[in-house]
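Colleague: Take a look at the following structure, please.
The values are calculated or read from the model by the stated rules, or taken from the named source; none is laboratory data. In this text, all values refer to a predicted model and were calculated from it rather than measured experimentally. Here the Cβ positions follow ideal geometry from the backbone for every residue, glycine too, while neighbour counts run over all protein chains shown.
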Amino acid sequence: MTRTLSLLLIAAVSATAFAAASPVAMDTAGQIYLAAGLRQQVSASLAAMPEKLRQMFTAQTPDKLSAKQVGAVTDAARHAFRIDVFEPSALAAFAANLDPEAAAKALAFLSSPTGERMVRADIALAELDDATIDEIANGKLGAASTPARAALFKKLETVSLATESTATVYLTIARALAVGKAMGYGLDLQEAEQRVGNAAPATPPPELERSLEVPLERYIAYDYRDLSGADLRKMLGFLQSTAGQTYVKASIAALSAGFRSMGRRCGERIGESWRELAQNEAQGDVVAAPAAPAP
């Protein structure tokens with residue numbers, strides 16, 4: 001259910017939105033996290049983040065960024081988007097949003113032959129290069145299917161909350177970067193969140209979700225192209241169950257928390273670097289200014 005990582009390199013909703021009544025131990029959450037292949041999938045996504053962040057900032061900044069500012073973005077992404085930054089908050093959110101029954105059933109499913117095949121497919125998809133990912137999303141690269149399999153893929157897309165969570169990722173990563181950047185410029189966390197909250201929408205725009213539906217369906221079909229119809233039905237059965245829905249939402253919460261931590265750290269480092277650059281440039285202007293003529 002985490003194939004959206006490769007497409008967008010992140011997935012996110014509020015880390016507290018689906019809080020379970022009885023959280024599980026961190027060790028248990030860690031077992032499920034590893035069994036689901038989340039470490040490999042997230043790790044595979046991180047190498048591309050510096051370039052993606054550079055593209056995002058240069059595309060969204062009205063004024064042309066200097067070479068030093070662009071370099072600061074790349075450097076910040078390299079230091080922030082790391083698995084050791086991701087995992088502490090991700091695992092804490094995962095544990096907090098699971099319950100013992102869901103954890104046991106999730107681990108049983110992930111350890112089954114179908115679950116292991118699903119995880120191997122998700123990891124392989126996460127490790128694809130960006131060019132191949134674009135070809136899949138644009139429909140240039142696909143897999144043979146049938147109406148029955150297409151219907152199963154559509155159901156998997158719906159029950160895994162793929163479109164909703166993928167759309168939310170854009171808002172979440174942008175907000176985390178903006179909050180961190182504001183903190184880097186000197187605001188505390190509460191002030192930064194208030195400023196960003198006043199300037200950004202609380203939920204993704206509907207048109208964004210609509211634009212993602214077809215690419216995600218193509219992505220899921222490619223992801224599970226080698227799985228049998230029986231495997232797809234078993235996956236759907238687990239994900240539709242109460243335990244499966246708890247697992248889906250806990251997984252999304254974990255990804256959200258981890259990517260939020262990385263995004264905020266990255267934004268904060270960018271803000272600090274840009275503030276230093278501005279101060280240095282201002283000091284340079286003062287030094288370079290000619291002395292006033294003597295009266």
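Colleague: Please note which helices (runs of 4 or more DSSP H) are completely contained in the stretch 26-101 and include at least 2 residues that are within 16 Å of the chain's Cα centre (by Cα) and crowded, with 19+ Cβ neighbours inside 10 Å.
Modeller: Here the list reads 38-46, 49-60, 67-80, 83-97.
Colleague: Can you pull out the residues in the stretch 2-30 that are of a type in the set (A, V, I, L, M) and modelled with pLDDT of 50 or more?
Modeller: VAL24, ALA25, MET26, ALA29
Colleague: Among ALA167, ALA178, ALA104, which is of a type in the set (Gly, Ala, Ser), over 20 Å from TYR224 (Cβ atoms), in a helix (DSSP H, G or I) and modelled with pLDDT of 95 or more?
Modeller: After ruling out the rest, the residue left standing is ALA104.
Colleague: Still on this model: In the stretch 239-271, which residues are farther than 30 Å from VAL70 by Cβ, surrounded by 24 or more Cβ atoms within 10 Å (Cβ to Cβ) and not hydroxyl-bearing (Ser, Thr, Tyr)?
Modeller: ALA250, ILE252, ALA253, ALA254
Colleague: While we're looking at this one, here's another question. Looking only at the stretch 123-138, how many residues end up being over 11 Å from SER45 (Cα atoms) and of a type in the set (A, V, I, L, M, F, W, C)?
Modeller: Residues that pass the stated criteria total 5.
Colleague: Since ASP188 meets every condition but one in (1) in contact (Cβ under 8 Å) with a residue 60 or more places away in the chain; (2) more than 16 Å from GLY115 (Cβ to Cβ), which condition does it not meet?
Modeller: The failed condition is (1).
Colleague: I'd like to check something: does the stretch 31-54 contain any residue that is farther than 30 Å from LEU156 by Cα and at pLDDT 90 or above?
Modeller: Yes, some residue in the stretch 31-54 is farther than 30 Å from LEU156 by Cα and at pLDDT 90 or above.
Colleague: Moving on to the next point. Suppose the filter is modelled with pLDDT under 85 and small (Gly, Ala, Ser); does ALA257 pass it?
Modeller: Judged against the criteria, ALA257 is not a match.
Colleague: If I ask for residues that are in a helix (DSSP H, G or I), surrounded by fewer than 17 Cβ atoms within 10 Å (Cβ to Cβ) and touching a helix residue (DSSP H, G or I) at 6+ places or on another chain (Cβ under 8 Å), which ones from the stretch 125-153 would you list?
Modeller: Answer for the stretch 125-153, where residues must be in a helix (DSSP H, G or I), surrounded by fewer than 17 Cβ atoms within 10 Å (Cβ to Cβ) and touching a helix residue (DSSP H, G or I) at 6+ places or on another chain (Cβ under 8 Å): ALA148, ALA150.
Colleague: So which residues in the stretch 181-197 are among the small types (Gly, Ala, Ser) and either in a helix (DSSP H, G or I) or buried (at least 23 other Cβ atoms within 10 Å of the Cβ) (or both), if there are any at all?
Modeller: Hits for the stretch 181-197 are ALA182, GLY184, ALA192, GLY197.
Colleague: Separate question: How many residues, within the stretch 154-176, are surrounded by 24 or more Cβ atoms within 10 Å (Cβ to Cβ) and on the phi > 0 side of the Ramachandran plot?
Modeller: 0
Colleague: Given the condition within 24 Å of GLU127 (Cα to Cα), among the small types (Gly, Ala, Ser) and part of a helix (DSSP H, G or I), answer yes or no: does some residue in the stretch 230-244 qualify?
Modeller: No; the residues of the stretch 230-244 include none that is within 24 Å of GLU127 (Cα to Cα), among the small types (Gly, Ala, Ser) and part of a helix (DSSP H, G or I).
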